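A.B. asks: One structure follows; several queries about it will come next.
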Amino acid sequence: MIKTKDFRAIMPTAEPLLDRLQDLYQDLPETRCSCEQPGVCCTYLPEITVLEAWQWIRCMQAMPESELTATFRKFVEFYLTNPARLSGCPFLVDGVCSVYKYRTFGCRSYGLWSQKMGRTRTRESRNGKKALRLMWKGFGVELPTDVVEFEIDYCDKVQIQGGKPLQDDTIMALLQQVYDLGEPLGDFQTRFETEYHSDFSFLMTSLVLGMKKALLEKLMVIKEIVQKGTETRLQRALDKVSPDMLNF
């Protein structure tokens, strides 16, 4: 389990890498989307690299205490209620990204992949959700159909603002560079991938509850929401969130 002391340990190494991360982001063209449902693509959190996770933590630490606490609680709620509820990215405020400068590679590259690649990823996601539904059924939980089957088709409304369209292999090469940037963090990067599955909401929830408790609580919270329509356990968990937990 990643603990507060681990964040303190990587800080001297991670901080100088954030500027390089921003430089790599600039290799992707700026985009705008004419979608009639702004923010719908932010329904789920992207899979992120360990350095992007650190960047998000730094964004939260820079927030006023009340905003930090609210955002922290949203990440914990996202983890504990997904996939029983569609709550959306905690950084999405009124359909707008509140950390736009620090959005991840996954957010920035959405809409830049070829339609063929996009459709493939959408299909893989839908197949993954079918497997997820069966897994939860094994736990005695029948997930809401409108939630577990929610998946938008790959967006064709993204427009490049200057620059040229990128080939899929170019985008993949840039993603590899972003990933490789975290290599100096060593074991921290490996643990974020293998223990937390590159899931920022799981990482945040584990800081509050501990890893094993976060997994167990997720099962119990979703069972209560789906089977009883109440959220007593969820509120109990959210009450444990403190901004001091990100004080490192």
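A.B. asks: Taking amide H positions as placed in the peptide plane 1.01 Å from N, state which residues far from THR31 in sequence (5 or more) or on other chains have amide H under 5 Å from it.
C.D. replies: The list, which skips near neighbours in sequence, is GLN161.
A.B. asks: Which of rounded, prolate, oblate describes segment 62-140, given a ≥ b ≥ c as roots of the alpha-carbon gyration tensor eigenvalues and a/c under 1.5 marking rounded, otherwise prolate only if a/b is larger than b/c?
C.D. replies: Oblate shape, in that a/c is at least 1.5 and b/c is the bigger or equal ratio.
A.B. asks: With the cut-off at 1.5 for a/c, could you classify segment 40-90 from its C-alpha gyration tensor as rounded, prolate or oblate?
C.D. replies: It comes out oblate by the Cα gyration axes.
A.B. asks: Let me ask something else. Can you tally the lysine pairs in segment 152-248 where the Cα-Cα distance is under 21 Å and the two residues are eight or more apart, or on different chains?
C.D. replies: 7
A.B. asks: Counting helices only, and only those DSSP H runs with n ≥ 4, report the 222 nm mean residue ellipticity of the chain as the sum of -39,500 (n - 2.57) divided by its residues, in deg cm²/dmol to the nearest 500.
C.D. replies: That comes out to -18000 deg cm²/dmol.
A.B. asks: Same structure again: In whole Å, what are the Cα extents of the chain along the three principal axes, biggest one first?
C.D. replies: Computed over the chain, the largest-to-smallest principal extents equal 51, 42, 32 Å.
A.B. asks: Once you order the gyration tensor axes a ≥ b ≥ c over the Cα atoms, which shape class does segment 58-198 get: rounded for a/c under 1.5, otherwise prolate or oblate by comparing a/b with b/c?
C.D. replies: Rounded, since a/c falls under 1.5.
Every number here is computed from the coordinates shown, using simple stated rules; none is lab data. These figures come from a predicted structure and were not determined experimentally.
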